[in-house]
1. Suppose the chain between A63 and E11 were pulled fully straight at 0.36 nm per residue; how much longer would it get relative to their current alpha carbon spacing?
2. In nanometres, what is the gap between the two model label sites at Y44 and H110, each 7 Å from Cα along Cα-to-Cβ?
3. Check which residues have an amide H placed less than 5 Å from Y75's amide H, if you skip close sequence neighbours.
4. Roughly how big is the chain's charge dipole about its Cα centre, with Cβ charges of +1 (Lys, Arg) and -1 (Asp, Glu), in debye to the nearest 20?
5. Give me the accessible area of D62, 1.4 Å probe, in Å² rounded to the nearest 10.
6. From the residues A40, L71, W101, which one has its Cα farthest along the dipole of the chain in the positive direction, the dipole being from +1 and -1 charges on Cβ of Lys/Arg and Asp/Glu about the Cα centre?
7. Can you give the alpha-carbon Rg of the chain over 2.2 N^0.38 Å, where N counts its residues?
8. Rounded to the nearest 500, what is the 222 nm mean residue ellipticity of the chain from helices alone, with -39500 (n - 2.57) per DSSP H run of 4+ residues and division by all residues?
Amino acid sequence: MLDDVIAHAREEYDAECCGMIAYGPAGDGSPAEATRVHRARNVYASRKRFEIDGKELLHTIDAFEQEGWELGAIYHSHTHTDPYPSQTDINFAANWPGLEWLIVGLAEEHPEVRCYLIEDGEVRAVELQVT
Ligand SMILES: [Zn+2]
């Protein structure tokens, strides 16, 4: 799934790609596990910002929930900067408490993927485990 996210970022090199990641049911204290990657359309088709269409967002959350999953993370790419949340990202994240933010950095030859929790304007790195 991580490969798919990176492939998506590379395919849309002219703009920030974005998408949604479903997490399977956690509960016993174990870390959440990604179960599905949904490629979304960036309504801005811009290199500087992204937004997922509201209808697509709701529809996808519905589809995830029908499978017994939940929206766990939103991903997007930074085509020319480090994979660190921008102020725009931090502001946007305020609307989505509890979500994880996966950012694919394409500035270097090898894509760099980072994951964060952004709460109350504070950015915390989250460990990303690929199994
Ligand atoms: Zn960003």
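1. 16.3 nm
2. Going from the Y44 label point to the H110 one covers 3.0 nm.
3. G19, M20, I21, L102
4. For this selection, approximately 320 debye.
5. 90
6. Among A40, L71, W101, the one farthest towards the positive end of the dipole of the chain is A40.
7. That works out to 0.98 for the chain.
8. The per-residue figure over the chain is -6500 deg cm²/dmol.
The values are calculated or read from the model by the stated rules, or taken from the named source; none is laboratory data. All values reported here derive from a predicted model rather than from experimental measurement. Reconstructed Cβ throughout: ideal geometry from the backbone, glycine too, with neighbour counts over all protein chains shown. Side chains are part of the model used for accessible areas, which takes the heavy atoms of the whole protein and leaves out ligands, DNA and RNA. Shrake-Rupley method; radii C 1.70, N 1.55, O 1.52, S 1.80 Å.
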